[in-house]
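First the structure, in the form of structure tokens, and then the observations on it.
The values are calculated or read from the model by the stated rules, or taken from the named source; none is laboratory data. Note that this is a predicted model, so its numbers are computed, not measured. In this analysis, Cβ positions are derived from the backbone assuming ideal geometry, glycine residues included, and neighbour counts consider all displayed protein chains. Protein only, heavy atoms only, side chains kept; ligands, DNA and RNA dropped before computing areas. Shrake-Rupley method; radii C 1.70, N 1.55, O 1.52, S 1.80 Å.
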Amino acid sequence: MRNDFDFAPLYRSSIGFDRVFNLLNNAQRLQAIDAWPPYDIVKIGEDEYRITMAVAGYADADLDLTQERNVLVVKGHKAEEKQGEYLHRGIAGRAFERRFELADHVRVENASLTNGLLSVALKREVPEAMKPRKIAIGDGSFQQAPLQIEAERQVA
């Protein structure tokens, strides 16, 4: 059973949250997509995350990771090897593309492939201008710069 939520009332009463509503709409649509390859997302610190994907049979050259703005795209394409006639094929070797929506200021630090597991380390780095800052409280007297009157300029 699928529940479609109407975000129209939120669009009418909020400004600048378009990206959030688009993420929610996309999440509703993506529920029916294939769940292969399986993956885990782990929060390993305050601002650190790790995505681990099971990509057995894929080599480094078969995988492509790209970060485009706030989206991490993981693609896999394995060249077809003809080694005989398969009586049963249970190891998936099909092409795939998996997209992960990233929050603002989250970047990929590194990626590694070990024992069929692709690990992608992510870190959120908030710029200094966006971090909370302490505001000093003064004694209430505001010091204004003295007003200066420019002398009339004579046109030659």
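Taking the residues in segment 106-125 that are in contact (Cβ under 8 Å) with a residue 40 or more places away in the chain and β-branched (Val, Ile, Thr) as candidates, determine which candidate is most open to solvent (accessible area, probe 1.4 Å).
Only one residue tops the list, namely VAL108.
Where in segment 1-118 are the strands (runs of 3 or more DSSP E), entirely inside, with at least 1 residues that are in contact with a Ser or Thr (Cβ under 8 Å, 6 or more places away or on another chain) and at pLDDT 90 or above?
Numbers: elements: 39-43, 48-54, 63-68, 71-76, 96-101, 106-114.
The strands (runs of 3 or more DSSP E) meeting that bar are 39-43, 48-54, 71-76, 106-114.
I'd like to verify a number: residues in segment 119-129 that are farther than 15 Å from TYR39 by Cβ and either outside any loop (DSSP other than H, G, I, E, B) or modelled with pLDDT of 90 or more (or both), how many? Show your work before the answer.
Of the residues in segment 119-129, the ones farther than 15 Å from TYR39 by Cβ are 123-129.
Next, from what is left, pick out any that are either outside any loop (DSSP other than H, G, I, E, B) or modelled with pLDDT of 90 or more (or both): 123-124, 128-129.
Residues in segment 119-129 being farther than 15 Å from TYR39 by Cβ and either outside any loop (DSSP other than H, G, I, E, B) or modelled with pLDDT of 90 or more (or both): 4 in total.
Kindly provide the set of residues from segment 76-92 that are open to solvent by less than 90 Å² (accessible area, probe 1.4 Å) and touching a helix residue (DSSP H, G or I) at 6+ places or on another chain (Cβ under 9 Å), ordered by number. Even if it seems obvious, please write down each step before you answer.
Narrowing segment 76-92 to residues open to solvent by less than 90 Å² (accessible area, probe 1.4 Å): 76, 78-79, 84, 90, 92.
If the condition is that a residue be open to solvent by less than 90 Å² (accessible area, probe 1.4 Å) and touching a helix residue (DSSP H, G or I) at 6+ places or on another chain (Cβ under 9 Å), then GLY76, LYS78, ALA79 are the ones that fit.
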